[in-house]
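See structure below.
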Amino acid sequence: MSAPKALASDLVKKYAPEIEGKTILVTGANAGLGFSFLEQLVQAETSPKLIIISGRDVAKLEDAKSKLNANSKVEIRTLLMNLGSFDSVRDAAKQVIAWDEGIDILVNNAGIMAVPYAVTQDGHESQLQTNHLSHFLFTNSIMDLILRNKGRVVNVSSELRFSLRIRRIGCSWLMIRPSAFAWMASIRRCGFPSEFSSHFAA
């Protein structure tokens, strides 16, 4: 018999003291898993000091902020960031730096999956850039704020990372199997936190 799975509400109660007074930044937080995570977080008995929600659609960000504010008095800021554009990622990082808030927890949650093959304006396959490259760039760009608070980086991935090894694959195969880019991004997204850990370890 498998062990019962813990509910998000149970985990929030258990770890509430660890997020009290903290600054938490979540990418892709206006819907899906990111928003559900924050819904539970703002209802905890002990609350973060500041939550920054990032997304690429202003209206959806404001809607998410309004819903979260309805159940909490935690300060919530929105951060416009399109992960399909390195320029947008750099602009978002500059905004976070301008706020001058140390980051306790960065949750790299945003991602896309099995979308039609497309190349971004920066010249990369869209899933690879959105799911991995842009998060890598953003995390590096605000690393001083994370290190200031001895914060942590949480990279949300999927079980796809167990399904494929990074290797040279013919372009024609990738064109007919767009999910392969998501698999590769998933593997790489799991890899860079360990590299950060070894590089920035005190």
Residue count, the range 11-44 (criterion: closer than 25 Å to residue 81 by Cβ, buried (at least 16 other Cβ atoms within 10 Å of the Cβ) and of a type in the set (Gly, Ala, Ser)): 3
Failed item, numbered, when residue 65 is tested on (1) touching a strand residue (DSSP E or B) at 6+ places or on another chain (Cβ under 6 Å); (2) touching a residue at least 60 places away in the same chain (Cβ under 8 Å); (3) not in a loop (DSSP other than H, G, I, E, B): (2)
Can you name every residue in the range 75-89 that is more than 15 Å from the chain's Cα centre (by Cα) and either of a type outside the set (S, T, N, Q) or over 20 Å from residue 123 (Cβ atoms) (or both)? 75, 76, 77, 86, 87
How many residues does the range 37-62 hold that are more than 20 Å from residue 17 (Cβ to Cβ) and outside any loop (DSSP other than H, G, I, E, B)? 9
Flagged in the range 45-71 as within 27 Å of residue 148 (Cα to Cα), surrounded by fewer than 19 Cβ atoms within 10 Å (Cβ to Cβ) and in contact with a helix residue (DSSP H, G or I) (Cβ under 7 Å, 6 or more places away or on another chain), in numbering order, are 45, 46
Among the residues of the range 90-120 satisfying the criterion of being assigned to a strand (DSSP E or B), within 13 Å of the chain's Cα centre (by Cα) and among the aliphatic types (A, V, I, L, M), which is farthest from residue 33 (Cα to Cα)? 105
Looking for something part of a loop (DSSP other than H, G, I, E, B), among the basic types (Lys, Arg) and either free of Cβ contacts under 8 Å to residues at least 40 places away in the same chain or closer than 20 Å to residue 156 by Cβ (or both) - is there at least one such residue anywhere in the range 6-18? no
With respect to residue 170, is the statement that it is closer than 18 Å to residue 56 by Cα and at pLDDT below 90 true? no
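The values are calculated or read from the model by the stated rules, or taken from the named source; none is laboratory data. Here the structure is a predicted model, which means the values were calculated and not measured. Glycine gets a Cβ as well: all are built from the backbone with ideal geometry, and neighbour counts include every protein chain shown.
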